[in-house]
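Enquirer: Got a structure for you, questions after.
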Amino acid sequence: MTTAQAADPIAAHVRSRDFKMLIGGSFVGSADGGVRPVFDPSTGEALTEIPLASSRDVQAAVAAAQEAQPAWEALGVRGRAACFERFGELIRENRERLAMLDAIDCGNPVKAMRIDIDICDAYLDGWPAFAKSLAGDVYPASPGNLHYTAHRPYGVVGRITAFNHPAMFAITRPLPSLITGNTLVMKPSDETSLSTLALAELFDEAFPPGVVNIVTGGAEAGDAIVTHPRIKRLAFTGSVPTGLLIQRRAAESGHVKHVSLELGGKNPMVVFPDVDLDLAVEGAVHGMNLDVCQGQSCGSNSRILVHAKIYDEFVARLAAKLDTYRVGVAYDESTDVGPVVSKAHWERVNGYIESGEREGATLVRGGGRPDGLPRGGHFIDPALFADVTSDMRIGREEIFGPVMSVFRWDDYDAMIAEANGLDLGLTASVWTNDLAIAHKTADALDAGYVWINDSTRHYFGTPFGGSKNSAIGREESKDELLTYLEHKVVHTRLGDARTSLDRLIGRQEGSQEGSTA
């Protein structure tokens, strides 16, 4: 696919546009006029403003979704799938715009964001196929009776997305709720809303009014979604503290809600001494998502546990690999690693780098601000720490940035204990040429998704999610689809079939005799 990049992408994609929320098929600002400034993480400069939704805006969005839901459900899977098909066409037509908006707004390299948009095709095709295959079950629970299950959508679903893959999450995450007949109120991260507001135009063209409603804002809007009595199904992707708050506020709302959470990770990558070193180093960098979102990913393998026999060589090769990555402005085609999302996050990540040095880890390379870049940009040269232990902050806390920590191990059981020693368990990866060791270790690691000699890639159709404080529920599979449907059991008392047959035949015979007479 060819790419035509504007000479001035900010002028073409941001300053020439007006970004509004989508409520009930109308593009609107906040009811109380609230706005939030948007800054370019590559320069620190102000770009534009977006609406800052209040609880009144959420109330309006839920009302619109509720009104649209019966007709949307009545379309059936085939009718809804036709909307998906049109939506996919529009996304492909707007690929460059969406990718560039994420680069400008989020700081992720534009070439990676184009791949994010391309990935969406698998989800747009896959969810209708899953939905068309859904069927109820018949249970032989008792003789002379019929017991079967049926499914119905919840009604209105609330979805809050994370900042690190704005367009991809806004496209893919609502799809299972929509194909099952629910309508939607979605709020993107208040830090990266531009591509989602651009997508509002495409949702509006592809779906009936009120089916998809998009509000932008901060804590007030998010809390209004979580506590709204008409929203019984909630889904959130983001940090552990916010996920815990959502659970608490949903419980305090006085209404029973189904909540699914995809939260943080401090994910171990376990490297055995028999591994191909170059392959493992490549996997370590790829698994950090440095050239996608600067390590700002819950699935990043930020803890690398390397056997002592190959430790020094592994660290040296990893440092050399990181030296080949170019840090730069996100919408520059030559950039491999962009800026982190905000000044506040830049300060947070740098605080971790300082703590790593203070607590005794060895900073092998990176961690500073590269020369020759805009002074207001939030750039961090990817930091590589060696000699890390789990009592250090960088060894146990999720940093969500371009910081890699390498641990040394020589005792298998101690290594497994260290890998499992945190309250997070999203992903893990195992690197060895011995399949027996690989599967033994994969089974021992307390994580929801484990790769063997691979990392970070998602495969649509396989359940993605974590254990412990990392997640509730599974995504990207039929498991997730069913969570957007309420299950109903229908019982029919059939009675005595022989008696019914005799009575039916008797009536027919009597009727025939009567007509002959």
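Enquirer: Could you tell me which residue of the stretch 8-53 is modelled with the lowest pLDDT, considering only residues that are hydrophobic (A, V, I, L, M, F, W, C), more than 28 Å from R369 (Cα to Cα) and outside any strand (DSSP E or B)? Talk me through it step by step, then tell me what you get.
Expert: To start, the set of residues in the stretch 8-53 that are hydrophobic (A, V, I, L, M, F, W, C) comprises 10-12, 14, 19, 21-23, 27-28, 31, 35, 38-39, 46-47, 50, 52-53.
From what's left, more than 28 Å from R369 (Cα to Cα): 12, 19, 21-23, 27-28, 31, 35, 50, 52-53.
Narrowing further to those that are outside any strand (DSSP E or B): 12, 19, 31, 52-53.
Details: A12: 90, F19: 97, A31: 96, L52: 97, A53: 98.
Ranking the qualifying residues of the stretch 8-53, first place goes to A12.
Enquirer: Just need a number here: residues in the stretch 91-110 that are part of a helix (DSSP H, G or I), under 16 Å from H13 (Cβ atoms) and not acidic (D, E).
Expert: Taking the stretch 91-110 as the starting set, the residues that turn out to be part of a helix (DSSP H, G or I) are 91-93, 95-106, 110.
The next check asks that each one be under 16 Å from H13 (Cβ atoms); those that pass are 91, 93, 95-106, 110.
If we keep only those that are not acidic (D, E) too, we end up with 91, 95, 97-101, 103-104, 106, 110.
Qualifying residue count for the region: 11.
Enquirer: Tell me which of these A417 doesn't satisfy, since it passes every other one: (1) closer than 24 Å to H286 by Cα; (2) out of contact with any Lys or Arg (no Cβ under 6 Å at 6 or more places or on another chain); (3) at pLDDT 95 or above.
Expert: Answer for A417: the failing condition is (1).
Enquirer: Another question about this same structure. Look at the stretch 100-129 and say how many of its residues are of a type in the set (V, I, T) and farther than 12 Å from V292 by Cα. Talk me through it step by step, then tell me what you get.
Expert: So in the stretch 100-129, the residues of a type in the set (V, I, T) come out as 104, 110, 115, 117, 119.
Those still in the list that are farther than 12 Å from V292 by Cα too: 104, 117, 119.
Selection size over the stretch 100-129: 3.
Enquirer: Same structure again: For the stretch 413-434: of the residues being in contact (Cβ under 8 Å) with a residue 12 or more places away in the chain and assigned to a helix (DSSP H, G or I), which is nearest to the chain's Cα centre (by Cα)? Steps first, answer last, please.
Expert: Going residue by residue through the stretch 413-434, those that are in contact (Cβ under 8 Å) with a residue 12 or more places away in the chain are 415-416, 418-434.
Next, only the ones that are assigned to a helix (DSSP H, G or I) stay: 415-416, 418-419.
Details: M415: 29, I416: 28, E418: 27, A419: 24 Å.
Going through the qualifying residues, I end up with A419.
Enquirer: Further question: Does the stretch 45-52 include one or more residues that are among the polar types (S, T, N, Q), touching a Leu at 6+ places or on another chain (Cβ under 8 Å) and outside the structural domain of G328 (by TED's automatic domain parsing)?
Expert: The first filter runs over the stretch 45-52 and keeps only residues among the polar types (S, T, N, Q), leaving 48.
Next, only the ones that are touching a Leu at 6+ places or on another chain (Cβ under 8 Å) stay: 48.
Next, from what is left, pick out any that are outside the structural domain of G328 (by TED's automatic domain parsing): 48.
Among the residues of the stretch 45-52, at least one is among the polar types (S, T, N, Q), touching a Leu at 6+ places or on another chain (Cβ under 8 Å) and outside the structural domain of G328 (by TED's automatic domain parsing), which makes the answer yes.
Enquirer: I've got another one for you. Limited to the stretch 310-351, what total is found for residues that are in contact (Cβ under 8 Å) with a residue 40 or more places away in the chain, under 25 Å from the mean Cα position of the chain (by Cα) and part of a helix (DSSP H, G or I)?
Expert: 4
Enquirer: What's the number of the only condition in (1) touching an Asp or Glu at 6+ places or on another chain (Cβ under 9 Å); (2) in a strand (DSSP E or B) that R56 fails to meet?
Expert: It fails just one condition, (2).
Enquirer: Sort out which residues of the stretch 35-53 are touching a strand residue (DSSP E or B) at 6+ places or on another chain (Cβ under 9 Å) and either more than 16 Å from D18 (Cβ to Cβ) or aliphatic (A, V, I, L, M) (or both), and write them in order of number. Full working, then the answer.
Expert: Just the residues of the stretch 35-53 that are touching a strand residue (DSSP E or B) at 6+ places or on another chain (Cβ under 9 Å), to begin with: 35-40, 45-53.
Residues satisfying the conditions are V35, V38, F39, D40, E45, A46, L47, I50, L52, A53.
Enquirer: Being assigned by TED's automatic domain parsing to the domain that holds W409 and buried (at least 23 other Cβ atoms within 10 Å of the Cβ) is the requirement here; does N301 meet it?
Expert: Against the criterion (assigned by TED's automatic domain parsing to the domain that holds W409 and buried (at least 23 other Cβ atoms within 10 Å of the Cβ)), N301 qualifies.
Enquirer: Test of understanding: among S500, S467, which residue is hydroxyl-bearing (S, T, Y), at pLDDT 95 or above and on the phi < 0 side of the Ramachandran plot?
Expert: Numbers: S500 fails: at pLDDT 95 or above.
Unique residue meeting the criteria: S467.
Enquirer: Take the stretch 448-488 and flag every residue that is outside any loop (DSSP other than H, G, I, E, B) and charged (D, E, K, R).
Expert: Going through the stretch 448-488, the residues outside any loop (DSSP other than H, G, I, E, B) turn out to be 449-452, 464, 467-468, 471-472, 475, 478-482, 485-488.
Hits for the stretch 448-488 are K468, E475, K478, D479, E480, E486, K488.
Enquirer: Which one is nearest to E282 (Cα to Cα) among residues in the stretch 322-347 that are among the charged types (D, E, K, R) and surrounded by 15 or more Cβ atoms within 10 Å (Cβ to Cβ)?
Expert: Restricting attention to the stretch 322-347, the residues satisfying the condition of being among the charged types (D, E, K, R) are 323, 326, 332-333, 336, 343, 347.
Pick out the ones that are also surrounded by 15 or more Cβ atoms within 10 Å (Cβ to Cβ) and you get 332, 336, 343.
On the way: D332: 23, D336: 15, K343: 29 Å.
Residue satisfying both the conditions and the ranking: D336.
Enquirer: Now for a different question. Taking H487 and the conditions (1) at pLDDT 95 or above; (2) in contact with a His (Cβ under 7 Å, 6 or more places away or on another chain), which numbered condition does it fall short on, given that it satisfies the others?
Expert: (1)
Enquirer: So which residues in the stretch 133-163 are under 26 Å from Q247 (Cβ atoms) and in contact with a strand residue (DSSP E or B) (Cβ under 9 Å, 6 or more places away or on another chain)?
Expert: Matches in the stretch 133-163: H151, R152, P153, Y154, G155, V156, V157, G158, R159, I160, T161, A162.
Enquirer: Sort out which residues of the stretch 364-385 are crowded, with 16+ Cβ neighbours inside 10 Å and under 30 Å from the mean Cα position of the chain (by Cα), and write them in order of number.
Expert: Correct list: G366, G367, G377, H378, F379, I380, D381, P382, A383, L384, F385.
The values are calculated or read from the model by the stated rules, or taken from the named source; none is laboratory data. Computed from a prediction, not measured in an experiment: that's the story for all the values here. Every residue, glycine as well, gets a Cβ built from its backbone with ideal geometry; the counts of neighbours run over all protein chains shown.
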